[in-house]
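Trainee: Sending over a structure as structure tokens; questions will come in a sec.
The values are calculated or read from the model by the stated rules, or taken from the named source; none is laboratory data. Computed from a prediction, not measured in an experiment: that's the story for all the values here. Neighbour counts run over all protein chains shown; Cβ positions are idealised from the backbone, glycine included. The area values use the complete protein model at the heavy-atom level, side chains included, leaving out ligands, DNA and RNA. Shrake-Rupley method; radii C 1.70, N 1.55, O 1.52, S 1.80 Å.
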Amino acid sequence: DSGVTQTPKHLITATGQRVTLRCSPRSGDLSVYWYQQSLDQGLQFLIQYYNGEERAKGNILERFSAQQFPDLHSELNLSSLELGDSALYFCASSVGHGYTFGSGTRLTVV
Amino acid sequence: GEDVEQSLFLSVREGDSSVINCTYTDSSSTYLYWYKQEPGAGLQLLTYIFSNMDMKQDQRLTVLLNKKDKHLSLRIADTQTGDSAIYFCAEGGGSQGNLIFGKGTKLSVKP
């Protein structure tokens with residue numbers, strides 16, 4: 001157990017729907033990062049939050065949004081889902097350099 | 001922009017050494033990392049090297065960094081079947097602040 005908890009582990013939903021992925025960082029870690037892993041694109045950085053504030057943005061689509069709450073857990077919201085959004089979504093947390101990853105949420109859009 | 005390149009596949013025999021190579025572009029990266037991903041699992045930090053170091057050894061793992069050529073390698077000595085996984089190189093602490101990952105090298109270990 002890495003200490004980073006992601007729920008749910010698996011999600012199957014239809015095109016056009018909206019889902020929310022949840023991440024609880026390791027105790028004491030202030031930064032949360034979201035990554036998307038697909039077969040053809042590898043690991044793509046989506047967004048980073050630090051202590052509730054957005055710190056950096058990567059290749060995140062406008063249909064996607066995230067937030068970090070006062071208890072430091074984070075949610076990634078994916079809307080108007082398309083088949084191409086099917087992927088593994090990872091959350092990672094850090095307190096300094098180097099990340100600790102959760103085990104991911106596998107999203108399948110049908 | 002920043003980019004990290006790795007070969008996609010490597011196959012070795014059990015007991016041999018494995019060498020996984022990586023090139024990166026961001027010369028301002030402070031740390032370079034190797035992560036391991038086993039099937040169905042998240043990424044696990046294996047080791048990292050600070051950018052002012054040339055080499056770091058940690059049990060069966062040896063990391064070599066050639067900063068001039070922006071080349072990083074991971075050597076696994078006495079490779080075991082349990083080492084079969086995808087290995088990701090990542091650079092961090094540079095201009096973007098977040099980690100940039102390569103696409104991963106799938107290591108297959110044959111008995």
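Trainee: When N counts the residues of the range A:18-110, how does its alpha-carbon radius of gyration compare numerically with 2.2 N^0.38 Å, as a ratio?
Mentor: Taking the Cα Rg and dividing by 2.2 N^0.38 Å, one obtains 1.01.
Trainee: Using the basic label-point model (7 angstrom from Cα toward the beta carbon), what is the B:S11 to A:Q67 distance in nanometres?
Mentor: Rounded to a tenth, the inter-label distance reads 5.1 nm.
Trainee: Treating the beta-carbon of each Lys and Arg as +1 and of each Asp and Glu as -1, no other charges, what is the dipole magnitude of the range A:23-62 about its Cα centre, to the nearest 20 debye?
Mentor: Using Cβ point charges on Lys, Arg, Asp and Glu, the range A:23-62 gives about 120 debye.
Trainee: Have a look at B:Q80, B:Q59, B:Q37 and tell me which one the Gaussian network model of chain B (Cα, springs below 10 Å) gives the largest fluctuation.
Mentor: Among B:Q80, B:Q59, B:Q37, the largest GNM mean-square fluctuation belongs to B:Q59.
Trainee: Follow-up. Suppose the chain between B:R60 and B:D78 were pulled fully straight at 0.36 nm per residue; how much longer would it get relative to their current alpha carbon spacing?
Mentor: 5.7 nm
Trainee: Please report the carbon-and-sulfur percent of the accessible area for the protein assembly as shown; probe 1.4 Å, protein heavy atoms only, DNA, RNA and ligands left out. Numbers along the way, then the final one.
Mentor: Details: 5190 of 10760 Å².
Of all accessible area on the protein assembly as shown, carbon and sulfur atoms account for 48 percent.
Trainee: Here is a follow-up. For the range B:49-111, compute the number of Lys pairs whose alpha carbons are separated by less than 22 Å, excluding pairs fewer than 8 positions apart on the same chain. Present the calculation step by step, with values, prior to reporting the outcome.
Mentor: Details: B:K56/B:K67; B:K56/B:K68; B:K56/B:K70; B:K67/B:K103; B:K70/B:K103; B:K70/B:K106.
Lysine pairs meeting the criterion: 6.
Trainee: Here is a follow-up. Compute the distance in nm between two label points, each set 7 Å from the Cα along the Cα-to-Cβ direction, one at B:M53 and one at B:K67.
Mentor: 1.3
Trainee: To continue, here is another question. Can you pull out the buried accessible area for chains A and B, both sides counted, probe 1.4 Å, rounded to the nearest 100 Å²?
Mentor: Interface between A and B: roughly 1300 Å².
Trainee: In square angstrom, what is the accessible area per residue of the protein assembly as shown with a 1.4 angstrom probe?
Mentor: On a per-residue basis, 49 Å².
Trainee: In debye to the nearest 20, how big a dipole does the range B:1-107 give about its Cα centre with +1 on each Lys and Arg Cβ and -1 on each Asp and Glu Cβ?
Mentor: 60
Trainee: Tell me which of B:S73, B:Y31, B:L99 sits at the most positive position along the dipole axis of chain B, charges placed on C-beta atoms (Lys, Arg +1; Asp, Glu -1).
Mentor: Farthest towards the positive end: B:S73.
Trainee: Label-point separation (nm) for B:Q44 and A:E75, each offset 7 Å from Cα along Cα-to-Cβ?
Mentor: The two pseudo-label positions are separated by 3.2 nm.
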